[in-house]
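To start, the structure under review is shown below, and the notes come after it.
Every number in this text was worked out from the coordinates using simple rules, so none of it is lab data. Nothing here was measured: the structure is a model prediction, and the numbers come from that model. Quick reminder, even Gly has a Cβ in these numbers, built from the backbone with ideal geometry, and neighbours come from all protein chains shown.
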Ligand SMILES: [Ca+2]
Ligand SMILES: [Ca+2]
């Protein structure tokens with residue numbers, strides 16, 4: 001008597017599983033469900049007090065080799081025009097990324113009546129002029145910047161391309177670290193100390209830190225995110241992948257993440273920089289790119305008057321190019337830093 005009822009139950013379970021399976025497959029094929037591509041995030045800094053404190057640079061590099069060999073690259077989207085720097089010194093401009101106490105960095109603002117992104121290094125040798133490289137930028141557009149310091153030379157790249165003239169002789173970055181005490185942190189988004197505030201206003205994405213001076217070919221790889229296996233020289237990688245919270249993950253997997261701050265205070269829930277949709281790399285194979293990729297820079301004091309840098313990803317149609325005229329100030333190469341930058 002029991003056998004038929006078991007069969008009916010089995011059939012019922014089978015039918016139920018079949019129906020469940022069909023429903024599950026339907027869900028999996030629905031692009032609107034939670035299996036959609038994740039958002040590509042960037043971090044927006046408010047230009048008031050937002051910043052991210054990254055680890056001690058000694059810990060990122062596993063020593064003090066950061067003083068002699070490093071590559072820092074990132075995409076930024078500065079908001080609005082730059083402001084006058086607090087002093088005639090790039091350490092007193094909006095800090096985008098660099099070490100504190102300050103000895104090198106990427107910053108922006110108006111120096112010598114020029115609104116520029118500044119690549120700079122302060123070296124130990126007081127007989128050697130400190131290095132300062134100005135880069136033209138357009139407010140509210142994404143721009144890729146690379147700082148390469150190696151072989152006693154500081155170089156600056158724009159959109160992965162190196163322009164003649166964007167190099168300076170510069171020796172080991174100044175450091176206050178001692179054998180007993182390390183206190184030099186890598187910081188992103190702003191410098192804050194007492195009454196001094198040099199906060200970057202805009203977005204930052206795709207930050208890569210290497211412990212070597214990358215060659216031009218490696219520098220030019222800027223239109224895609226990195227994928228594993230990573231170079232052993234990649235010491236930290238910030239894709240801004242978190243999307244929420246007040247911690248910044250190191251996407252190189254080496255646990256060199258950062259902490260959001262408002263000024264010098266650790267940010268509370270919802271505080272610090274904001275997670276925004278990057279607009280830089282879409283979820284498809286083709287990145288969404290900024291408008292300006294063809295640059296003709298004119299130098300008044302070099303025998304070769306023009307240098308053209310063009311680097312377009314496949315399928316990308318450039319918008320009308322800009323032709324900035326850059327006059328290099330001969331005094332710029334001999335720029336003397338004020339002592340207070342070393343705090
Ligand atoms: Ca804030
Ligand atoms: Ca990103």
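Per-structure values
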read-out	value
Failed item in (1) more than 14 Å from the chain's Cα centre (by Cα); (2) surrounded by fewer than 24 Cβ atoms within 10 Å (Cβ to Cβ), with residue 66 passing the rest	(2)
Residue check for residue 80: in contact (Cβ under 8 Å) with a residue 12 or more places away in the chain and buried (at least 23 other Cβ atoms within 10 Å of the Cβ)	no
Every residue from the stretch 35-79 that is more than 16 Å from residue 189 (Cβ to Cβ) and either assigned to a loop (DSSP other than H, G, I, E, B) or within 16 Å of ligand 1 (Cβ to nearest atom) (or both)	35, 36, 37, 38, 39, 40, 62, 63, 64, 68, 69
So residue 137, is it buried (at least 17 other Cβ atoms within 10 Å of the Cβ) and within 16 Å of ligand 2 (Cβ to nearest atom)	no
Single condition residue 177 does not satisfy, out of (1) part of a strand (DSSP E or B); (2) more than 20 Å from residue 115 (Cβ to Cβ); (3) in contact (Cβ under 8 Å) with a residue 40 or more places away in the chain	(1)
Failed criterion for residue 60 (all others in (1) over 30 Å from residue 217 (Cβ atoms); (2) touching a strand residue (DSSP E or B) at 6+ places or on another chain (Cβ under 7 Å); (3) surrounded by fewer than 24 Cβ atoms within 10 Å (Cβ to Cβ) hold)	(1)
Considering residues of the stretch 251-269 that are more than 20 Å from residue 200 (Cβ to Cβ) and out of contact with any helix residue (DSSP H, G or I) (no Cβ under 7 Å at 6 or more places or on another chain) only, the residue nearest to ligand 2 (Cβ to nearest atom)	251
